[in-house]
1. Mind checking the angle between helix 322-333 and the chain's longest principal axis? C-alpha axes, 0 to 90 degrees, to the nearest 10.
2. With a 10 Å radius around each residue's Cβ, average the other Cβ atoms per peptide and rank 110-123, 41-54, highest first.
3. Given A185, I89, L42, which one lies farthest toward the positive end of the charge dipole of the chain, if we put +1 on the Cβ of every Lys and Arg and -1 on the Cβ of every Asp and Glu?
4. Compute, for the chain, the length of the dipole vector about the Cα centre, with Cβ point charges of +1 (Lys, Arg) and -1 (Asp, Glu) only. Units Debye, rounded to 20.
5. Could you pull out every one of the lysines with an alpha carbon less than 28 Å from that of K217, ignoring same-chain neighbours closer than 8 positions?
6. Which distance in Å, rounded to a whole number, links the C-alpha centroids of the range 20-48 and the range 84-106?
7. Would you work out the relative contact order for the range 39-181, in percent, from Cα pairs under 8 angstrom that are 6 or more residues apart?
8. So, in Å, what gap is there between the alpha-carbon centers of the range 296-319 and the range 138-160?
Amino acid sequence: MHILVTGGAGYIGSHVVKQLLEKTSHDVTIIDNLSTGHQATLDTLEQIALTSKNGDLRFYRTDLSNFAEIEKIFLTNRFDAVMHFAASIVVPESVINPLKYYMNNTVNTTNLIRVCNEYVVQKFIFSSTAAVYGEPSEVPVRETTQTHPINPYGMSKLMSEHILQDTAAAKSDFSFVILRYFNVAGADINNRIGQSFPNATHLIKVAAQTALAQREKISVFGTDYDTPDGTCIRDYIHVDDLASAHLRALAYLSEGNKSDIFNCGYGHGFSVYEVIETMKKISDIDFTVETSPRRSGDPALLISDNTKIKNTLGWEAYYDDLALICKTALDWEKNV
Ligand SMILES: NC(=O)c1ccc[n+]([C@@H]2O[C@H](COP(=O)([O-])OP(=O)(O)OC[C@H]3O[C@@H](n4cnc5c(N)ncnc54)[C@H](O)[C@@H]3O)[C@@H](O)[C@H]2O)c1
């Protein structure tokens, strides 16, 4: 098969491309504008493609808002499936600049779906987020838990989900898998690729940067939550386990199964303090931690129910180990 991966130079997309190149014989084409993705990541993926000698890798530096260019790429390639990662992903920025999020995440996704329909690309795998649940009404969060995003980022993703669902309902030859990621963390076990975006706000990355003295201190937002140690609890999933969920989703759609939505997480969580303690232990550095007031819109507890992805896609976790996740993140941070 020939798979189009948008955002393949970014954090999660690059881990999926790596697995496609190493574990399948599919050809892969990446579309990325390199706004937060990196040429160095593409160079590494090119090396992986050469070493693994499976499918070919091609790259277009194009912005998804350039509809004419996107259409040209579909005209000159025959794609069997699209994996759509490209998006703007910073929640606070989405509150300040919502239109950036609706344009990049919702409008560009809508166009991509339209072009897929026009060129009869029948399989679409979409990167969604636990942010569609907002402050969830039940924990563990199931796919049927009410969606109620509390910021434009989450809403821009939920709108894309609805557009996919409506399109698939109207077109029997178009099917999708929506993957709702919980907290993605860690890096390639062999330390070849990782999260390179310098201003990322993800806790494990920030803890690794603080351990390496790239930041002076780490802030803990809220220590008075109704959790055992008072800090928020999140479900951290290693990026390679998340990547393998995409390969399972592709196989699932290729077998002719019906469109569906799956949570991606381990089904258990760690508090902010537990993550920081683990990073201190792994790095052997007692870095500075400061406490700050709660941020609005941070639920105390966000944990997935992952029963559905395990039972339906046959997905299994291999890196469900906080110390390993922290170690891969730390090793990667030494590189960047
Ligand atoms: N990182 C997380 O914890 C997390 C959690 C939930 C969901 N997600 C979703 O996963 C996906 C990937 O996230 P990530 O963490 O890898 O982010 P990232 O910023 O590392 O990757 C996004 C990639 O898309 C590219 N891109 C963005 N807008 C583009 C455009 N208009 N045209 C072409 N390329 C464009 C960027 O250059 C980058 O390479 C996103 O859709 C995000 O919403 C991420």
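1. The angle comes out at about 80 degrees.
2. On the way: 110-123: 18.1, 41-54: 16.4.
Top to bottom by mean Cβ count within 10 Å: 110-123, 41-54.
3. Most positive-ward Cα: L42.
4. Here the size comes out at about 540 debye.
5. Result set, ordered by chain and number: K205, K280, K281, K327, K334.
6. The range 20-48 and the range 84-106 have Cα centres separated by 23 Å.
7. Details: 164 pairs, mean separation 35.8, N = 143.
Relative CO of the range 39-181 lands at 25 percent.
8. 14 Å
Values quoted throughout were computed directly from the atomic coordinates according to the rules given, and no laboratory measurement underlies them. Because the structure is a prediction, the values reported are computed rather than measured. Quick reminder, even Gly has a Cβ in these numbers, built from the backbone with ideal geometry, and neighbours come from all protein chains shown.
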